[in-house]
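These notes concern the structure reproduced below.
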Amino acid sequence: MWSFHFVIALHLWTAAVSGGTSPWILHEEHPNIPSGWTRARKLPSTSPIRLRIALANSVSMDEMSSYLNDVSHPDSPNYGKHWTPEQVAAKFAAKNDNITAVRNWLVDSGIAPDRVKLSPSKGWLHVLNSTAGEAEELLHTEYHVYLHDTGVEHIATQRYHLPAHVAPHVDFVVPTIHFDAKIPTMAVSESHNSTGKARRGGSSRCEQMQPHCYRGLYGIPETPPSPAKQNSFGIVEYTPNAYLQKDLDMFADLFSPSLVGKSPKRISIDGGTQQTKLRGSKYNAESNYNLQYAMALVGEKQPVTLYQVGDTVKGKRKVDIADAAIAAIIP
């Protein structure tokens, strides 16, 4: 029996040598299944898929950083002048050439024009009422259902292809290789550090940068000025970097006793896992520091969300995360 990869290779070669079409090229792949996931079964071709294509835009990462600093740095004349949703959409909207190229490809592939919808942000093309079989034909791929250790199921593929003349106009396609399903937050440990401490809360002087020093320096109130549900505080960590609960508890015991035993709410992105096998300052120091101070500064009434990104194989896939962040801001 021919393997799936041989069939795909034959399909790509046939498309390349046939008249009028450009060769198909690999656009993205995730060769290793993320930790905690297993391939459960083939997705039936009739299964519905919400197929969305993120269009390429001309804004570079450097430009994006400049825009963020312009409104967030205290020394900037535009500090605090945050963009409206309309301004964000206008800046990150895809060029007409990108929209036209991808739309024409979809229509030429047999998708009815009225099924191809441009998002209000002009950053996405949605294929309405699409099925797994249809997406597999478009992307020269195969979809499976993956099962997480927690019981969560997720539809994904490990690689997909695009025509060479279409690929430059596409940032990424979902659902495809991104294991971004929401995994239930691990149960918060109720255990407390029983070690007695000589002092709590630190010194009233700021010879060392303790939480109360940061509060005084930046004018941070002891409790959130508005109900916690109206605020959000998110921190990103890239696997294999991870915090250790015992370190959070030790810090909390010194400076914020009410937080002993408390953990951030964890959201896994692209197979993100909070690994504990690799330990030491190289893997734990930054994550510990970020969460220790973040949780201490906002207090127990304000939840802190940890976005754990990437599995232990791929790790630090910052480009994908930037894409995911843009996708979350501009649906």
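The values are calculated or read from the model by the stated rules, or taken from the named source; none is laboratory data. The structure presented is a predicted model; accordingly, all values stated were derived computationally and were not measured. Virtual Cβ from ideal backbone geometry, glycine too; neighbours counted across all protein chains shown. Ligands, DNA and RNA are stripped out before the accessible areas are found, and what is left, the full protein with its side chains, is counted by its heavy atoms. Shrake-Rupley method; radii C 1.70, N 1.55, O 1.52, S 1.80 Å.
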Starting from the 7 Å offset along Cα-to-Cβ, what nm value, one decimal, do you get for the label separation of N32 and F233? 3.4 nm
Site R279, offset 7 angstrom along Cα→Cβ, radius 18 Å on amide nitrogen, limited to segment 231-245, gives 240-245
Length gain on complete extension for the stretch D247 to T150, per 0.36 nm per residue less the alpha carbon to alpha carbon distance? 32.4 nm
Residue-level accessible surface for D114, protein heavy atoms, 1.4 Å, Å²: 110 Å²
Just report the Cα centroid separation between segment 133-149 and segment 70-112, whole Å. 28 Å
Tabulate in residue order the Karplus-calculated ³J(HN,Hα) for segment 259-274, using 6.51 cos²θ - 1.76 cosθ + 1.60 with θ = phi - 60°, rounded to whole Hz; enter x for Gly and Pro. 9, 4, x, 8, 10, x, 6, 9, 10, 8, 10, 6, x, x, 10, 8
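Dipole magnitude of segment 266-311 about its Cα centre, charges +1 at Lys/Arg Cβ and -1 at Asp/Glu Cβ only, in debye to the nearest 20? Numbers along the way, then the final one.
Details: 5 positive and 4 negative charges, 33 e Å.
Using Cβ point charges on Lys, Arg, Asp and Glu, segment 266-311 gives about 160 debye.
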Theoretical FRET efficiency, 1/(1+(r/R0)^6), r = Cβ-Cβ of S45 and A167, R0 35 Å, to 0.05: 0.90
How large is ³J(HN,Hα) for each residue in segment 145-160, as worked out from phi by the Karplus curve 6.51 cos²θ - 1.76 cosθ + 1.60 (θ = phi - 60°), to whole Hz, x for Gly and Pro? 9, 9, 10, 8, 4, 7, x, 6, 9, 8, 8, 7, 9, 9, 6, 8
Give me the net charge for the shell around Y146: Cβ to Cβ below 13 angstrom, other residues only, Lys and Arg +1, Asp and Glu -1. -3
For all pairs of alpha-carbon atoms in segment 22-155, what percent lies in each bin of width 5 Å, listed from the first bin to the last filled one? 2, 8, 13, 15, 15, 13, 13, 11, 6, 3, 1, 0
Might you report the magnitude of the Cβ-based charge dipole of segment 12-139 about its Cα centre, with Lys and Arg at +1 and Asp and Glu at -1, to the nearest 20 debye? 460 debye
Just to make sure I understand: if all protein chains stay in place, what is the order of H30, H144 by accessible area at 1.4 Å, largest first? H144, H30
In square angstrom, rounded to the nearest 10, how much accessible surface does H73 have for a 1.4 Å probe? 80 Å²
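If R₀ is 22 angstrom, what is the calculated FRET efficiency for the pair Y214 and K182, using the beta carbon separation as r and rounding to 0.05?
0.10
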For the full complex of protein chains and a 1.4 angstrom probe, list Y238, Y79, Y307 by accessible area with the highest value first. Y79, Y307, Y238
Amide H contacts of V236 (H built 1.01 Å from N, under 5 Å, at least 5 apart or other chain): Y307
To the nearest 0.05, the calculated FRET efficiency linking K301 and Q87 through their beta-carbon distance, R0 being 30 Å, is 0.35
Would you mind calculating the gained length between A112 and H126 on full extension (0.36 nm times residue separation, minus the Cα-Cα distance), in nm to one decimal? 3.8 nm
Where does segment 49-102 land on Rg(C-alpha)/(2.2 N^0.38 Å)? 1.44
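Leaving ligands, DNA and RNA out of it, rank R266, R159, R39 by accessible area with a 1.4 Å probe, largest first.
Greatest to least solvent exposure: R39, R159, R266.
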